[in-house]
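The values are calculated or read from the model by the stated rules, or taken from the named source; none is laboratory data. None of the values given here were measured: they were computed from a predicted structure. When we count neighbours, we look across all protein chains shown, and the Cβ atoms used for this are built from the backbone with ideal geometry, even at glycine. These accessible areas exclude ligands, DNA and RNA; they are computed on the full protein's heavy atoms, side chains included. Shrake-Rupley method; radii C 1.70, N 1.55, O 1.52, S 1.80 Å.
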Amino acid sequence: MDCYTANWNPLGDSAFYRKYELYSMDWDLKDELRDCLVAAAPYGGPIALLRNPWRKEKAASMRPVLEIYSASGIPLASLLWKSGPVVSLGWSAEEELLCVQEDGAVLVYGLHGDFRRHFSMGNEVLQNRVLDAQIFHTEFGSGVAILTGAHRFTLSANVGDLKLRRMPEVPGLQSAPSCWTTLCHDRVTHILLAVGPELYLLDHATCSTVTPPGLAPGVSSFLQMAVSFTYRHLALFTDTGYIWMGPASLKEKLCEFNCNIRAPPKQMVWCSRPRSKERAVVVAWEKRLMVVGDAPESIQFVLDEDSYLVPELDGVRIFSRSTHEFLHEVPVASEEIFKIASMAPGALLLEAQKEYEKESQKADEYLREIQELGQLTQAVQQCIEAAGHEHRPDMQKSLLRAASFGKCFLDRFPPDSFVHMCQDLRVLNAVRDYHIGIPLTYSQYKQLTIQVLLDRLVLRRLYPLAIQICEYLRLPEVRGVSRILAHWACYKVQQKDVSDEDVARAINQKLGDTPGVSYSDIAARAYGCGRTELAIKLLEYEPRSGEQVPLLLKMKRSKLALSKAIESGDTDLVFTVLLHLKNELNRGDFFMTLRNQPMALSLYRQFCKHQELETLKDLYNQDDNHQELGSFHIRASYAAEERIEGRVAALQTAADAFYKAKNEFAAKATEDQMRLLRLQRRLEDELGGQFLDLSLHDTVTTLILGGHNKRAEQLARDFRIPDKRLWWLKLTSLANLEDWEELEKFSKSKKSPIGYLPFVEICVKQHNKYEAKKYTSRVAPEQKVKALLLVGDVAQAADVAIEHRNEAELSLVLSHCTGATDGATADKIQRARAQAQKK
Amino acid sequence: MAFPHRLDAPELPDFSMLKRLARDQLIYLLEQLPGRKDLFIEADLMSPLDRIANVSILKQHEVDKLYKVENKPALSSSEQLCFLVRPRIKNMRYIANLVNADKTAGRTRKYKVIFSPQKFYACEMVLEEEGIYGDVSCDEWAFSLLPLDVDLLSMELPEFFRDYFLEGDQRWINTVAQALHLLSTLYGPFPNCYGIGRCAKMSYELWKKLEDEEDSESKGRRPEIGHIFLLDRDMDFVTALCSQVVYEGLVDDTFRIKCGSVDFGPEVTSSDKSLKVLLNAEDKVFSEIRNEHFSNVFGFLSQKARNLQAQYDRRRGMDIKQMKNFVSQELKGLKQEHRLLSLRLIPKDYRSLKTQYLQSYGPEHLLTFSNLRRAGLLTEQAPGDTLTAMESKVSKLVTDKAAGKITDAFSSLAKRSNFRAISKKLNLIPRVDGEYDLKVPRDMAYVFSGAYVPLSCRIIEQVLERRSWQGLDEVVRLLNCIEFAFTDITKEDKASSESLRLILVVFLGGCTFSEISALRFLGREKGYRFIFLTTAITNSARLMEAMSEVKA
């Protein structure tokens, strides 16, 4: 522990920088890094190497090899490059490798060397070729900027949503810029380029000259420029050996450093951590590495090997043939604790804990010291924080042990920060492992989030580790384990050497009914790989029919989709499939399909009834459903047709259909209706008024009301209306007209088939007792009492009842004896009753 | 007398929550169209809407004017139009016409269509075909359960009956499943499920699927309602077609109860204005007589009126006068009914009856007959068949004021659906020794004057008694429902004994007030309490109307 700060290098008075080894690389590099195009993804991402045979004037007969390694040097992919010359490589935010070809085509590969897609940067680029290219990251995603042979820039800020933008021309530009970079702020991408002593800033519309304030004079060229990870700062390396540092806006100068080296550096990158005041850049030459900041002295390292710098959020990764190191500013908490002779609370606590382990009383002294200053909480926090920044597990442990020790003396210290730090470190140590090779720092991990880290593990097909992490962190299944299993399954379906049955079974065994797993997504992937049968098998496991159907449709298994939709009970789904089928199949096949699916058929019929009447007819026709066809035409006769001829024709068709359906009754009724329609039409012509659409009885009634008795009778004969019905119709019509004279004549025309009680009733209903009385005498004897009571002749009713000797009638009359005048009648009835009983 | 609950009767769950949910959702949807707007409401939705949110609530959420969706051009001048409709193609055409007219006139407005209770793909397709899909925004108001009373939930979907039982259209099944799902989310799972009928089975299965898909928290909940029973209307058309003689059923048959309230026209109120009366358990007098046989009602009411008159001031007296008036008017109607009931039905020559029916009501009823046949309500039979004594006893209760068509339909129905055998098996026509005292009913038959126990209710009673369909195989076979009778009992120790005495009965295709009264009676006898969920309240006239073909 004595030498803990041995690798700390002070820069100025206030900051230390340290460099430590992440991995010793055991990749078997065939070529020197300097001979390759190199791209390393940030956040401990993979490294891509492409030996560049086009740079040297060698014959292009030998095809180069594109190799992809993890950050720890484990080979992930290796493929023979068969496309055109590549100018630049870069990783997108999704860890896809973008290879920019000389002709402006960008080929996109996955982490495992699987070709994903390609796109072109436009015709202008194709014509003028690519001179240089950069891949950059913005809040929109990953962008590509291209410098063409015509010294013009074309860029796309997001390759996921490709929109090419051609940047304005730099006036009078004859040669390629000595260096250039992309700058992003306020959601706009700019290009900064250096030509001789001039700096130009290009935005979407304009080109402006900019001058870094306070730049030492005598610059005739800028050799290198670097933007910080967050685009906030800019550094310029001049041919006078000066390094100028300032904000990216170039509004002011931060500092300037003369490194006395005029040779152009190989790489220059920023090295700063978020929320730190310190700014520094790391400059690399062939054999030398220099950390330069706002201090008179720089930190210098000797490079034994050909090295490559990867800027990170909080430092710089440096890898070479044999090692992979991390260089960063020592975080505050670590500095406070470990700085020589530090009296910071964290430092004391760490000391106290060590003494405690040695069972020394000094432990108490240290602890007391912290407590007297009231800084124990701060001490614990410091230790927890510092543990996060340690790479070595033993250091993490001793700091956490100190924190845990200090916690014991605190009453109310919220445990979350300690617990979370332990969990985070466990996850970090797992992914930093050599076999996994993702050397994330704590700050990077927090920036990246656990979800993205899991995605990246999935991308590397490290499913078991991802699942273990989910389980360890107790992530909800839907976001955690299920999602990963689903990804695994999507990968599994791509294994072409395994049979459909085995893949489906393996997937179902592992996934089971895990909530949140969508079998249809996996099936969609299988279909995407051309394994339709497997997709169908997988869909069988999908419990939600609604999810099965769209994919089945896509796979052109419409009939299966239809039965699945019907199974689901969701009529909307059935309908979707129906419309699909309707477009896909010819009419005959479509109808045949419907025929076997009654549920779908009735649904479609319902729709046709409202929207497509003709189709409905065709449906019935196909089924030889004459009964329904008849009904269809009947409906058409009053709903669709306007003209009388059309209506009669519709009815005729209906009648024919009913005959075919052997429904003679309906056929006859329909024919009657045809006759009636024609007749009503004639009546309207001859008599005026409204007859059409009246029912037969209403027609008769209307005729009587209009005084056309003859016609009414003729009509009744023609349509064989029963006599009784005709009498009823006539009776009610005449009473409604209050044509009492005609009614009386009618009553005498012949013997009424309905008797005469209805005459009495209807007159009473019309409040005409006088007329009613005229008919009482003709009422049949068994109804006479009732009739007399109706007209209010209680006395006579009593007489008739007594004459009939009918007990029921007597009671009925008696119940009507309410008025004072009926007293005598009531007595009479009582007497008659008594007499009857005597007998 | 009347309807005192047993002291040990279990408490009913609070269903007013459903109203609040519906109201909040509607307000949310209205707010989605900020600013002043005119609201077009489909006629069928007006009464249910009124029970959820009154005009002042609508006004509070910037609804300017209210229009009825009808076949007339709209005169709204608002810049924003909102349509509240059932998912029907007819409505889509109405909206399309309106929007297209605006387009022709070069007018741009905002349109929003709110479908209740859900939207159907077919509707969206019509909007698309009419070329206005992009002009309107669509939303769903998942208002599927209206609490009409403390123990009665209605989906207010009368078209369910025709759509499913006549046209074979299953689209509402999803709505039913959603509604059941909502109930189980709010009131906990149902440990015991029973059902009979194809639609019941499909609804049940779809509902269970919904529950499975959602990793719901309701799984761990304590059940509030111990049993659920789903029943298709076509299991028992007979009961629904009978004239009703319990008070509430009678009022429904005579005046038509709409959405829990009834409009008494001037001829009843004996004033110029018509009177709207809300009929539910909150009305003390009504709740005492609603389940009574009508012959008891008058005596009870006059007694009550005397008591009331003695107690209340004049203002209250007015109400009582109105009430008396109403009752006497009502009884006038009843006497007529009675007369109808006592009419012996003589079998007629079916053909000539049908001919005459067409001659007097119009040829479109040819389609009505065809509908009746399709729904299994009518089978043609050879003329001259006579009704057996038992059938005539049952058909005594059957009447259809619209026409005499049912009698034939009914007698043949009885034949076809094995009604005779079922009624023997389940003892639906109790043997009456002496007079049946309607004041002190002894079984559910009291709702039909002691002559007939409603088949639907008897089935429910039997299954609940057995906790399964065991021993009812013969009945199930006679109902042609071997595949569609199901029981699903979860061993649930979380269910309290209280909840196990609550039973939710779901009538798919509608239920009548007589059935409700009968089950309330059964509950009282057995110490259960029934909760009713129906697609709509129905009666014989409504059933027949659903089958009738009407000229547009």
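Just to confirm my filter: which helices (runs of 4 or more DSSP H) fall fully inside the range A:543-653 and include at least 1 residues that are buried (at least 18 other Cβ atoms within 10 Å of the Cβ) and within 11 Å of chain B (Cβ to nearest Cβ)? Result: A:545-554, A:558-568, A:571-584, A:598-611, A:626-639. For the range A:215-262, filtered to residues that are among the basic types (Lys, Arg) and more than 46 Å from the chain's Cα centre (by Cα), the residue that is nearest to A:Pro296 (Cα to Cα) is A:Lys253.
Conditions (1) open to solvent by less than 20 Å² (accessible area, probe 1.4 Å); (2) closer than 26 Å to A:His610 by Cβ, marked per residue:
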{"position": "B:Lys65", "(1), (2)": "no, no"}
{"position": "B:Phe83", "(1), (2)": "yes, yes"}
{"position": "B:Arg86", "(1), (2)": "yes, yes"}
{"position": "B:Arg93", "(1), (2)": "no, yes"}
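Scanning the range B:503-537 for residues that are surrounded by fewer than 24 Cβ atoms within 10 Å (Cβ to Cβ) and in a loop (DSSP other than H, G, I, E, B) yields a count of 3.
Looking only at residues in the range B:104-142 that are small (Gly, Ala, Ser) and out of contact with any helix residue (DSSP H, G or I) (no Cβ under 7 Å at 6 or more places or on another chain), the one that is surrounded by the fewest Cβ atoms within 10 Å (Cβ to Cβ) is B:Gly106. Which one is farthest from B:Asp169 (Cα to Cα), of the residues in the range B:67-81 that are touching a Lys or Arg at 6+ places or on another chain (Cβ under 7 Å) and buried (at least 16 other Cβ atoms within 10 Å of the Cβ)? Only one residue fits best here, namely B:Ser78. Looking at A:His118, is it of a type outside the set (Ser, Thr, Tyr), closer than 27 Å to A:Tyr231 by Cα, open to solvent by 20 Å² or more (accessible area, probe 1.4 Å) and part of a strand (DSSP E or B)? No; evaluated as a whole, the condition is false for this residue. Note on the range A:668-701: among residues that are within 10 Å of another protein chain (Cβ to nearest Cβ), acidic (Asp, Glu) and in a helix (DSSP H, G or I), the one that is nearest to B:Ser370 (Cα to Cα) is A:Asp672. Residues in the range A:242-260 that are at pLDDT below 90 and farther than 29 Å from A:Asp186 by Cβ: A:Cys259, A:Asn260.
Put simply, of A:Gly315, A:Gly218, A:Gly214 the only residue that is open to solvent by less than 10 Å² (accessible area, probe 1.4 Å) and not aliphatic (A, V, I, L, M) is A:Gly315. Go through the range B:91-131 and give me each residue that's more than 11 Å from chain A (Cβ to nearest Cβ) and touching a residue at least 40 places away in the same chain (Cβ under 8 Å). Within the range B:91-131, B:Ile95, B:Lys110, B:Lys112, B:Ile114, B:Ser116, B:Pro117 qualify. Note on the range A:808-831: among residues that are part of a loop (DSSP other than H, G, I, E, B) and surrounded by fewer than 15 Cβ atoms within 10 Å (Cβ to Cβ), the one that is farthest from the chain's Cα centre (by Cα) is A:Gly819. Of the numbered criteria (1) open to solvent by less than 40 Å² (accessible area, probe 1.4 Å); (2) aliphatic (A, V, I, L, M); (3) closer than 30 Å to A:Ala772 by Cβ, the one A:Leu683 fails is (3).
With respect to the stated conditions, A:Phe665 fails to be closer than 25 Å to A:Ser568 by Cβ, out of contact with any Pro (no Cβ under 6 Å at 6 or more places or on another chain), part of a helix (DSSP H, G or I) and at the interface with another protein chain (Cβ under 8 Å from one of its Cβ atoms). Residues in the range A:1-29 that are assigned to a helix (DSSP H, G or I) and among the charged types (D, E, K, R): there are none. Residues considered: A:Ala386, A:Ala402. Of these, the only one that is under 24 Å from A:Leu453 (Cβ atoms), touching a Gly at 6+ places or on another chain (Cβ under 9 Å) and in a helix (DSSP H, G or I) is A:Ala386. Counting just the residues of the range B:538-552 that are small (Gly, Ala, Ser) and in a loop (DSSP other than H, G, I, E, B), which one comes out farthest from the other protein chains (Cβ to nearest Cβ)? Among those that are small (Gly, Ala, Ser) and in a loop (DSSP other than H, G, I, E, B), it is B:Ser548.
The one condition from (1) within 19 Å of A:Ala836 (Cβ to Cβ); (2) open to solvent by less than 20 Å² (accessible area, probe 1.4 Å); (3) not small (Gly, Ala, Ser) that A:Arg805 does not meet is (2). Within the range A:666-677, work out how many residues are open to solvent by less than 20 Å² (accessible area, probe 1.4 Å) and either of a type outside the set (A, V, I, L, M) or touching a strand residue (DSSP E or B) at 6+ places or on another chain (Cβ under 8 Å) (or both). Going through the range A:666-677 one residue at a time, the tally reaches 1. Of the residues making up the range A:757-802, those that are surrounded by 18 or more Cβ atoms within 10 Å (Cβ to Cβ), of a type outside the set (D, E, K, R) and within 24 Å of A:Gly707 (Cβ to Cβ) are A:Pro758, A:Phe759, A:Ile762, A:Cys763, A:Ala772, A:Tyr775. Scan the range B:40-59 and tell me whether some residue there is open to solvent by less than 10 Å² (accessible area, probe 1.4 Å), in a helix (DSSP H, G or I) and touching an Asp or Glu at 6+ places or on another chain (Cβ under 9 Å). The answer is yes; a qualifying residue exists. The criterion of being within 45 Å of the chain's Cα centre (by Cα), aliphatic (A, V, I, L, M) and open to solvent by less than 10 Å² (accessible area, probe 1.4 Å) holds for A:Val330.
Surrounded by fewer than 20 Cβ atoms within 10 Å (Cβ to Cβ) and of a type outside the set (Asp, Glu): is that true of A:Thr238 in this structure? No; evaluated as a whole, the condition is false for this residue.
Across the range A:434-472, the number of residues qualifying as among the aliphatic types (A, V, I, L, M), part of a helix (DSSP H, G or I) and open to solvent by less than 40 Å² (accessible area, probe 1.4 Å) comes to 10. Counting only residues that are within 14 Å of another protein chain (Cβ to nearest Cβ) and touching a Cys at 6+ places or on another chain (Cβ under 8 Å), the range A:490-538 holds 0 of them.
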